[in-house]
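The values are calculated or read from the model by the stated rules, or taken from the named source; none is laboratory data. For clarity, every value in this text was computed on a predicted model and none was experimentally measured. Glycine also receives a Cβ, built like all others from the backbone with ideal geometry; neighbour counts cover every protein chain displayed. Note: areas computed on protein heavy atoms with side chains; ligands, DNA, RNA excluded. Shrake-Rupley method; radii C 1.70, N 1.55, O 1.52, S 1.80 Å.
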Amino acid sequence: GHGAGRPDSSKRGESGGAVKALVKTARGPGNLQILDVPEPRCGEDEVKIEVAYCGVCGTDIHILKDEFPTHPPVIIGHEFSGTVVETGSRVKKFKVGDRVVAENVCSTCGDCYLCRTGHYAICIQRGAQGLDLDGAFARYIVCKERNVYPIPPEVSLQEAALAEPLVCAVHAVLDQTKVQAGDVVLVSGPGAMGLLASQAAKAEGGTVILSGTTADQDRFEVARQLGIDRIVDVEREDLAGVVRSFTEGRGVDVVIECSGSQAAVSAGISLIKKRGTFTQVGLFGKKVTIDLDAVVTREIRIVGSMSHTWNAWKRGLDLVAQGKIRLSPLITAVYPLEEWERAFREFEDRRGIKILLEPEKAR
């Protein structure tokens, strides 16, 4: 619904030449290639943004393998920053030259119970840029004015490309989990989401234990730079023992699971206190087992966290501007868009945390 499906032909063409973009050309594994596409047109309530940087996300890898539904042909990429180059006739809040980020949820019904209660990002009819409509692995992207946010002056364009994962982490910690000062929080998985969630939990006054595996050494180094309270390589150290020492044997108040691994779920359920909150952020791409008897007998609250809210965008950007969440240590490489295969490979091999692609600029 709502324009999901084909990239809208009325928005393409007419205003300029061809630009290079990374396109999912058809369903099925692979089918990703750099193509020349017409420059998008700017509607009256839209802003046209020249993309500065667009981050590679786990979802993009799932799209490559066709483990995530898309509506090809579609330009992928949804974690981006850029500069306004054109505004529609009805746009009031932005002008050419403004540095901006935008929500990738671009079409919703506006009328269902989710939209009306502020949970529009999971509207049943939602269309998302980079999945259903053209995304940001391209020189330009067109976004509805209401989905666009100014980048705080303290935040660079490279850092701002992490806004979308940032606000997903903030939504998980602040909206869904409601971490409180004094909580001991176990975050599993030291990738971008885990490092962002850890910082958000610390900003709320939590003490964070971050777990990962021996393959995560580079990511642990970044976690140390960020001041995470305790880092545990579960293959070399006893996570249960660390949790006991931090919580007088009670178990952690909160688990935020960002790795999408069966072992981390099982560990998290066993290490959470009675009446604790277990929040699932990572995607698995397959079914996993969970000890629901333990959930019942220990009255554990299980929460899913998928997207974001307006509140998470506002607070997330404020937290970065205030220096409570740091983004630059998470950026491990910047490549030209043409080198997307290398970037995807490094991301999959866990050699980077957040890898940015840079579209070719207008000459």
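In the chain, what percentage of the DSSP-assigned beta bridges are antiparallel, given to the nearest 5? Bridges in the chain that DSSP calls antiparallel: roughly 55 percent. What the Cα convex hull of region 308-363 gives, in volume per residue, is 130 Å³.
Sequence-ordered 3J(HN,Hα) estimates for region 227-238 from the Karplus curve with 6.51, -1.76 and 1.60 and θ = phi - 60° stand at x, 5, 5, 8, 10, 10, 8, 5, 7, 10, 9, 8 Hz, glycine and proline given as x. Of the whole protein surface, Y113 contributes about 150 Å² of accessible area at a 1.4 Å probe radius. In a Gaussian network model over the chain where Cα atoms closer than 10 Å are linked, find which of D132, D318, D291 has the largest mean-square fluctuation. With Cα springs under 10 Å in the chain, the top fluctuation among D132, D318, D291 is at D291.
What the chain shows is 43 Å² of accessible area per residue, with the surface traced by a 1.4 Å probe over protein heavy atoms.
For region 282-363: lysine pairs with Cα atoms under 28 Å, gap of 8 or more or different chains, count?
Numbers: K286/K354; K287/K354; K314/K324; K314/K354; K324/K354.
Step by step, the pairs that qualify in region 282-363 add up to 5.
Dividing the helix sum by the residues of the chain, where each DSSP H run of 4 or more adds -39500 (n - 2.57), gives a mean residue ellipticity at 222 nm of -6500 deg cm²/dmol.
For region 195-264, take N as its residue count and report Rg(C-alpha) divided by 2.2 N^0.38 Å. Mind showing how you got there, number by number?
Working: Rg = 11.7 Å, N = 70, 2.2 N^0.38 = 11.1 Å.
With N residues counted in region 195-264, Rg over 2.2 N^0.38 Å equals 1.06.
For region 277-363, the list of chymotrypsin sites (Phe, Trp or Tyr not before Pro) that fall in a loop by DSSP and count at most 15 other C-beta atoms within 10 angstrom reads F284. With the convex hull drawn over the C-alpha atoms of the chain, the volume per residue is 132 Å³.
In region 134-268, what is the volume of the convex hull around the alpha carbon atoms, normalised per residue and reported in Å³? Could the numbers behind the result be given before it?
On the way: hull volume 19.4 nm³, N = 135.
With only Cα atoms used, region 134-268 gives 144 Å³ per residue.
GNM remark for the chain: springs join alpha carbons under 10 Å apart, and the peak mean-square fluctuation among C42, C112, C57 falls on C112.
Computed on protein heavy atoms with a 1.4 Å probe, the accessible areas place R350, R250 in the order R250, R350, largest first.
Region 302-322 and region 185-227 have Cα centres spaced 17 Å apart.
Heavy atoms only, probe 1.4 Å: what % of the accessible area of the chain goes to carbon and sulfur, would you let me know?
Values: 7730 of 15600 Å².
That share works out to 50 percent.
For region 118-205, compute Rh as the Kirkwood radius over C-alpha pairs and then the Stokes-Einstein diffusion coefficient at 25 °C and 0.890 mPa s; write the answer in µm²/s, rounded to an integer.
On the way: Rh = 15.2 Å.
For the chosen part, D equals 162 µm²/s.
Couplings 3J(HN,Hα) for region 23-29, derived from phi with the Karplus relation 6.51 cos²θ - 1.76 cosθ + 1.60 (θ = phi - 60°), are 10, 7, 7, 6, 5, x, x Hz, where x marks Gly and Pro.
Computed from label points 7 Å out along Cα-Cβ, the spacing between R351 and T297 is 4.7 nm. 3J(HN,Hα) along region 170-184, derived from phi through the Karplus expression 6.51 cos²θ - 1.76 cosθ + 1.60 where θ = phi - 60°, amounts to 5, 4, 4, 7, 8, 7, 7, 9, 6, 4, 10, 3, x, 5, 9 Hz, with x in place of Gly and Pro.
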